[in-house]
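Structure first, commentary second.
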Amino acid sequence: MKHEEKKKRKAGRPAQVVKKEINASVRFSRAEYFIVKEKAASCGFSVSNYIRKASIYATITPRLTAEEQHFARQLVGMTNNMNQMAKACHREGLFETMIFFENYRQQLNEIIKKLKS
C-alpha cells in the first residue's frame, strides 16, 4: 500500500477575504449606547456591524455652505428692510413703498434663483 500525501489544512477559522485592519473607537453615554444596541438588534446586526453600516450608508444632511449662509444673511437683512417698508407705508404713502417693495422683490428673486442652481 502506498501512502498518499495529504494536504495539511490550517486549523481554526478560514481567513477573511477583506480584512478589517483599522480600529476606530466611539464613545457613547449609557442612554445612547442602549439606543444603538436596540436599533442594531432590531436590524439583526451586532452593534459594531450596525455602526459600520450606518456610518457608510447613512445620508447626513450637510450644513449650509458659505454661499448659502451669505444668502441667509441677505434674507434676514431683507426682512428688516420689509419691516421698515411697512413703517414707510404708514409715514410716506403707498406709492413710495411700492417702489421700495419692487426693488426688494427683485433682490429676493435673484437670491432664490441662486439657491435653486
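None of Ala41, Ala58, Ala15, Ala24 is open to solvent by less than 100 Å² (accessible area, probe 1.4 Å), at pLDDT 75 or above and within 30 Å of Lys116 (Cα to Cα) except Ala58. Out of curiosity, is Glu110 in contact with a helix residue (DSSP H, G or I) (Cβ under 7 Å, 6 or more places away or on another chain) and more than 28 Å from Lys20 (Cα to Cα)? Spelling it out, it is not the case that Glu110 is in contact with a helix residue (DSSP H, G or I) (Cβ under 7 Å, 6 or more places away or on another chain) and more than 28 Å from Lys20 (Cα to Cα). Close contacts from region 76-94, counting a first residue that is without any contact (Cβ under 8 Å) to a residue 12 or more places away in the chain and a second that is surrounded by 10 or more Cβ atoms within 10 Å (Cβ to Cβ) and of a type in the set (Asp, Glu), with Cβ to Cβ under 9 Å and a gap of 6+ residues or different chains, come to Cys89/Glu96. Number of residues in region 27-38 that are surrounded by fewer than 13 Cβ atoms within 10 Å (Cβ to Cβ) and basic (Lys, Arg): the value is 2. Of all residues in region 104-117, none that is within 14 Å of Arg73 (Cα to Cα) has its Cβ atom under 9 Å from the Cβ atom of a residue that is exposed (fewer than 10 other Cβ atoms within 10 Å of the Cβ) and among the small types (Gly, Ala, Ser), 6 or more apart or on another chain. The condition (being loosely packed, with under 12 Cβ neighbours inside 10 Å and either within 30 Å of Phe34 (Cα to Cα) or in contact with a helix residue (DSSP H, G or I) (Cβ under 7 Å, 6 or more places away or on another chain) (or both)) is satisfied by just one residue among Leu64, Leu94: Leu64.
The values are calculated or read from the model by the stated rules, or taken from the named source; none is laboratory data. Predicted model, so just to flag it, every value in this text is computed and none were measured. Don't worry about glycine lacking a Cβ; one is built from the backbone with ideal geometry, like all the others, and counts go over all protein chains shown. Surface accessibility is based on the protein's heavy atoms, side chains included, excluding ligands, DNA and RNA. Shrake-Rupley method; radii C 1.70, N 1.55, O 1.52, S 1.80 Å.
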